[in-house]
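Heads up: the structure comes next, in structure tokens.
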Amino acid sequence: MATAQRTRIKLGDFELSLSHPDKLIWPEAGLTKLGYVERLASLGPFLLPYTKNRYLTTIRYPEGIYGTSFYQKNCPEPTPEFVHTARDGNIRYVVLDSIPALLWMGSLYSLEFHVSSDEIDTPLPNAWMLDIDPSLDVEPRLMEATAYVGDLLASLGLSAVPKTSGATGVQIVMPIERGPTFDDLRRFGKFVSEYLVAKHPKLFTVERMKKDRGDLIYLDYIQHFAGRTLPAAYSPRARPGATVSTPLSWDEVRRDAKPTDFHLLNVVERLHAQGDLLAAAPRQSLGPILSGLPTK
């Protein structure tokens, strides 16, 4: 019987045995399983700050992006000793907090890393997020819509960071000073979203059912909540171009950047050149604004 091809990856004292290193995961990008894991090693220092201390949900693609996939919440077995876990109810989640754990997950064909909005050790959120979700697969107005959100926040004296989802949408991320609850953040998101719908009714909707949105862009202020997940900053996505969820500058938004511009083949070089735009963002105080909003 033929033995499956394997290779060993060594990173300091850590070694990982990798099966099927030449298997194509992203055919259009020419990325093999080995190439993917190597890029995760470089991307890890930027990705891990957004996954540690949160419950991880991964999407695994054992045959590459065009094969069968499945979501995984429970930690795979057997679990190496370097992988930390945290239990929430009946689920034992991976806590993605180290390069070895990240590479191990990559070796299991985990191509996307979605994390809980809530942190493991505190009930109070440290960020507000708004998910800008197009109804169309290709939405030429995406960055126009993103800019309108940024302009509204600026008019309120707030600043945030737009982040491509790596798929079709954008998330607006605002680091905040702790204090507001998730319910408070949902009130603020409702205010922002309903204002934008009223001001741009031919562009935005808060209609949750996709069948009722037409071609409008959905402002999802509900998804950022305890127990719900969104793709972590710098998570790869199982898309043909090996796209990566990437924070943008507002200048890039105004230049109509495309989510497909940022991918596993260039994101690390971008980070070394520009740094992490999200990590550099100041924390905002939402207290004064929340005090002026309806409580329901």
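Laid out as a table, the results:
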{"read-out": "So ASP131, is it open to solvent by 60 Å² or more (accessible area, probe 1.4 Å) and not β-branched (Val, Ile, Thr)", "value": "no"}
{"read-out": "Tally, over segment 81-122, of residues that are touching a helix residue (DSSP H, G or I) at 6+ places or on another chain (Cβ under 9 Å), over 24 Å from LYS23 (Cβ atoms) and of a type in the set (S, T, N, Q)", "value": "2"}
{"read-out": "Residue in segment 101-112 that is in contact with a Gly (Cβ under 7 Å, 6 or more places away or on another chain) and of a type outside the set (Phe, Trp, Tyr) present", "value": "yes"}
{"read-out": "Exclusive hit being under 30 Å from ARG254 (Cα atoms) and outside any loop (DSSP other than H, G, I, E, B), set ASP118, ASP131, ASP137", "value": "ASP131"}
{"read-out": "Any chance ASP121 is modelled with pLDDT under 95, of a type in the set (D, E, K, R) and under 30 Å from ASP212 (Cα atoms)", "value": "no"}
{"read-out": "Test: residue in segment 149-163 that is touching a Pro at 6+ places or on another chain (Cβ under 7 Å), within 30 Å of PRO62 (Cβ to Cβ) and not acidic (Asp, Glu)", "value": "yes"}
{"read-out": "Candidates PRO175, PRO201, PRO259 - the one that is touching a residue at least 24 places away in the same chain (Cβ under 8 Å), open to solvent by 10 Å² or more (accessible area, probe 1.4 Å) and more than 26 Å from ILE65 (Cβ to Cβ)", "value": "PRO175"}
{"read-out": "Of all residues in segment 263-279 being more than 19 Å from TRP26 (Cβ to Cβ) and out of contact with any strand residue (DSSP E or B) (no Cβ under 6 Å at 6 or more places or on another chain), the one that is surrounded by the fewest Cβ atoms within 10 Å (Cβ to Cβ)", "value": "ALA273"}
{"read-out": "Qualifying residue in segment 143-165 (condition: closer than 18 Å to ALA238 by Cα, touching a residue at least 60 places away in the same chain (Cβ under 8 Å), part of a strand (DSSP E or B) and open to solvent by 20 Å² or more (accessible area, probe 1.4 Å))", "value": "no"}
{"read-out": "Residue list for segment 223-266, restricted to those being part of a helix (DSSP H, G or I) and of a type outside the set (Ser, Thr, Tyr)", "value": "TRP250, ASP251, GLU252, VAL253, ARG254, PRO259, ASP261"}
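Conditions (1) surrounded by 15 or more Cβ atoms within 10 Å (Cβ to Cβ); (2) aromatic (Phe, Trp, Tyr); (3) assigned to a loop (DSSP other than H, G, I, E, B), marked per residue:
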{"position": "THR7", "(1), (2), (3)": "no, no, no"}
{"position": "GLU15", "(1), (2), (3)": "no, no, no"}
{"position": "TYR36", "(1), (2), (3)": "yes, yes, no"}
{"position": "GLU81", "(1), (2), (3)": "no, no, yes"}
{"position": "TYR93", "(1), (2), (3)": "yes, yes, no"}
{"position": "ASP97", "(1), (2), (3)": "yes, no, yes"}
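The values are calculated or read from the model by the stated rules, or taken from the named source; none is laboratory data. Just so it is clear, the structure is predicted and the values come from calculations on it, not from any experiment. Heads up, the Cβs are rebuilt from the backbone with ideal geometry, glycines too, and the neighbour counts pull from every protein chain shown. When the accessible area is computed, the model is the full protein with side chains, heavy atoms only, and any ligands, DNA or RNA have been set aside. Shrake-Rupley method; radii C 1.70, N 1.55, O 1.52, S 1.80 Å.
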